[in-house]
1. In what sequence, largest accessible area first, do SER86, SER174, SER97 appear using a 1.4 Å probe?
2. At 1.4 Å probe size, what's the solvent-accessible area of PHE68? Round to the nearest 10 Å².
3. Just reorder ASP158, ASP178, ASP184, ASP172 by solvent-accessible area, largest first, 1.4 Å probe, all chains present.
4. Go ahead and estimate [θ] at 222 nm for the chain from helices alone: -39,500 (n - 2.57) per DSSP H run with n ≥ 4, summed, over the residue count, rounded to 500.
5. Label the stretch 115-177 by shape, choosing from rounded, prolate and oblate, from the square roots a ≥ b ≥ c of the eigenvalues of the Cα gyration tensor; if a/c is under 1.5 it is rounded, and otherwise prolate applies when a/b is larger than b/c, oblate when it is not.
6. Using a ≥ b ≥ c from the Cα gyration tensor of the chain (square roots of the eigenvalues), is it rounded, prolate or oblate, where a/c under 1.5 gives rounded and otherwise the larger of a/b and b/c decides, a/b for prolate?
7. Please list, or write none, the lysines whose alpha carbon is within less than 30 Å of the alpha carbon of LYS191, excluding same-chain residues fewer than 8 places away.
8. Residue-wise, which Karplus ³J(HN,Hα) couplings in Hz belong to the stretch 132-146, taking 6.51 cos²θ - 1.76 cosθ + 1.60, θ = phi - 60°, and x for glycine or proline?
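The values are calculated or read from the model by the stated rules, or taken from the named source; none is laboratory data. The structure presented is a predicted model; accordingly, all values stated were derived computationally and were not measured. Using ideal geometry, Cβ is built from the backbone for each residue, glycine included, and neighbour counts are taken over all protein chains shown. Calculation scope for accessible area: heavy atoms of the full protein, side chains included, ligands and nucleic acids excluded. Shrake-Rupley method; radii C 1.70, N 1.55, O 1.52, S 1.80 Å.
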Amino acid sequence: MARNGAEQDGSGQDEPGQDGLGLAGVIADRWSPRAFDAGAVLGDDEARSLFEAARWAASHGNTQPARFLLARRGEPAHERVFAALSRGNRSWAGAASALVVAALATSDAKGPLPNAEFGLGLAVQNLVLQAVHLGLVAHQMGGFDPEALREAFSIPEDVRPAVVIAVGREGDGSDLPDDLRAKDERPRKRKPLTETVFSQEWGKAAFTPEAPATS
């Protein structure tokens with residue numbers, strides 16, 4: 001399947017790395033498909049590499065709030081995580097090699113952890129970019145029942161499940177419902193820098209509008 005419609009959309013506009021700014025390859029190549037290879041397996045070395053990348057993420061005062069549950073397809077834990085997903089996510093995420101629950105510790109022996117959600121986000125981004133480096137794909141999901149996961153895995157009250165990540169090898173999309181296949185084939189779009197980066201005063205763009213890509 002073409003990455004976010006890259007082959008269908010011949011304009012090349014707004015594709016990461018197409019503006020000549022030299023984005024790192026793992027950033028430009030990262031995307032969140034729903035099509036996974038149902039026969040692919042996440043090996044121990046690959047899994048360890050993902051979490052080692054997450055372990056080295058920055059965090060407020062090195063408090064390291066990120067916590068993870070790894071559930072590989074075929075394991076009992078996978079069934080419990082899968083059951084907690086929303087109905088829409090269950091329609092495709094089961095084909096991924098693994099489901100990863102990303103959670104944040106909200107406190108430690110010293111008290112509440114500051115900026116814990118931000119710290120988890122940095123760790124998850126490291127994990128996702130490491131997946132790209134390994135030739136894998138990852139899709140982050142907010143559609144799940146956190147209390148079902150808490151009960152299924154006896155997650156402590158001071159740890160909050162925040163996102164579930166499907167990880168595996170990209171599939172061809174032939175088994176996806178038509179509406180989800182269409183979503184995977186849509187070109188990616190991002191707000192221009194003129195709407196998100198300001199200078200001198202709020203609302204005053206720091207950069208001029210990006211020029212159209214040329215070939």
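1. Greatest to least solvent exposure: SER174, SER86, SER97.
2. In the full protein context, PHE68 sits at about 60 Å².
3. Heavy-atom accessible area, descending, gives ASP178, ASP172, ASP158, ASP184.
4. -8500 deg cm²/dmol
5. Oblate, since a/c reaches 1.5 and b/c is not below a/b.
6. In terms of gyration-tensor shape, oblate.
7. LYS183, LYS204
8. Rounded to whole hertz, the list is 4, 4, 8, x, 9, 10, 9, 10, 8, 10, x, x, 7, 9, x.
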